[in-house]
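The block underneath contains the structure these notes are about, expressed in structure tokens.
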Amino acid sequence: MLGEHGGTDSSIEGGSVQQQGMYEHLLLDSLQGFIINCERRARQENKIRKLRGLRENVPVAIPYGGVDADEDLELDDVYFEKSHEDDNDGFGL
């Protein structure tokens, strides 16, 4: 599991602590990139729906060329905005 081996052991199941830390770092970076790309796609789909006057749940196809990556996003941008949207429905914490 991630973060379980934070002790001073010099090896973790045949690999060094340094290698384990590098694996965790690469895994977390990949997951973060995936989440950000999903958010970019959702934003572009919503933009297309607004331009076409479609309802929120209507599926749309992303045009040839893929999702625009012109907006610099971080996880804080994704989760901070989502938490404010959730507060508006009365169920936020």
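Quick note: the coordinates plus some simple rules give every number you see, no bench work behind them. Everything numeric in this text was worked out from a predicted model, so none of it was measured. Backbone-built Cβ (ideal geometry, glycine too); neighbour counts: all protein chains shown.
Peptide packing: for 38-49, 70-81, the average count of neighbouring Cβ atoms within 10 Å per residue gives the ranking 38-49, 70-81, highest mean first.
Local charge for V67 was computed over the other residues whose Cβ lies under 15 Å away, with Lys and Arg +1 and Asp and Glu -1, and equals -1.
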